[in-house]
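Everything below concerns the one structure shown next.
The values are calculated or read from the model by the stated rules, or taken from the named source; none is laboratory data. In this text the structure is predicted, and so the values were computed from the model without any measurement. Here Cβ is always computed from backbone atoms with ideal geometry, including for glycine, and neighbour counts include all displayed protein chains.
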Ligand SMILES: [Zn+2]
């Protein structure tokens, strides 16, 4: 992809919005295989894509994903997995009668609610995908860059 091609309206990445959607579909397939290194980072990938593509996002889940990404960058992968598994158990069995929410990942700054979301990010899903197939080598490092770029762009929209 060169700088002359179509760009995604949401994240500013190369190839256009349909290319981002196709890459995300590819990534979800890898996630649902539950294999390393993709599966354990599924929640982080969904959160990053959500924030970078607000026009496709599920409304109301912003504060949850915001808290989750901050928790991941601060605490790391394994604590994140422990919390998401616990939250999922609540959700599956409904023993606690509640869904996972922002409170599961304490310590994040307040969620910004900008009038207009960011349209440019230092790292997009195209960077994480490299050639389009999300190679395992360096995948977690690229996801971390994706998360960092996502939060810093959103934080910059704040008052
Ligand atoms: Zn995009």
| said: I'm trying to understand the selection: among the residues of region 23-47, which are over 12 Å from residue 129 (Cβ atoms) and surrounded by 16 or more Cβ atoms within 10 Å (Cβ to Cβ)? | reply: 31, 37, 40, 41, 42, 43, 44, 46, 47
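Out of curiosity, is residue 126 within 16 Å of the ligand (Cβ to nearest atom), touching a strand residue (DSSP E or B) at 6+ places or on another chain (Cβ under 6 Å) and either within 18 Å of residue 42 (Cβ to Cβ) or not in a loop (DSSP other than H, G, I, E, B) (or both)? Spell out how you get there, then give the answer.
Values: within 16 Å of the ligand (Cβ to nearest atom): yes; touching a strand residue (DSSP E or B) at 6+ places or on another chain (Cβ under 6 Å): yes; either within 18 Å of residue 42 (Cβ to Cβ) or not in a loop (DSSP other than H, G, I, E, B) (or both): yes.
Taking the combined requirement at face value, the residue satisfies it.
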| Out of all the residues in region 35-49, is one or more within 12 Å of the ligand (Cβ to nearest atom) and either closer than 26 Å to residue 158 by Cβ or over 16 Å from the mean Cα position of the chain (by Cα) (or both)? | yes
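Looking only at region 101-120, how many residues end up being closer than 18 Å to residue 18 by Cβ and buried (at least 17 other Cβ atoms within 10 Å of the Cβ)?
Going through region 101-120, the residues closer than 18 Å to residue 18 by Cβ turn out to be 119.
Add one more test, that the residue is buried (at least 17 other Cβ atoms within 10 Å of the Cβ), and what stays is none.
Counting residues in region 101-120 that are closer than 18 Å to residue 18 by Cβ and buried (at least 17 other Cβ atoms within 10 Å of the Cβ) gives 0.
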| remark: Screening 20, 11 for residues that are on the phi < 0 side of the Ramachandran plot, crowded, with 20+ Cβ neighbours inside 10 Å, part of a helix (DSSP H, G or I) and within 9 Å of the ligand (Cβ to nearest atom) leaves only 20
| Can you tell me which residues in region 52-71 are over 22 Å from residue 82 (Cα atoms), modelled with pLDDT under 95 and assigned to a helix (DSSP H, G or I)? | 54, 55, 56
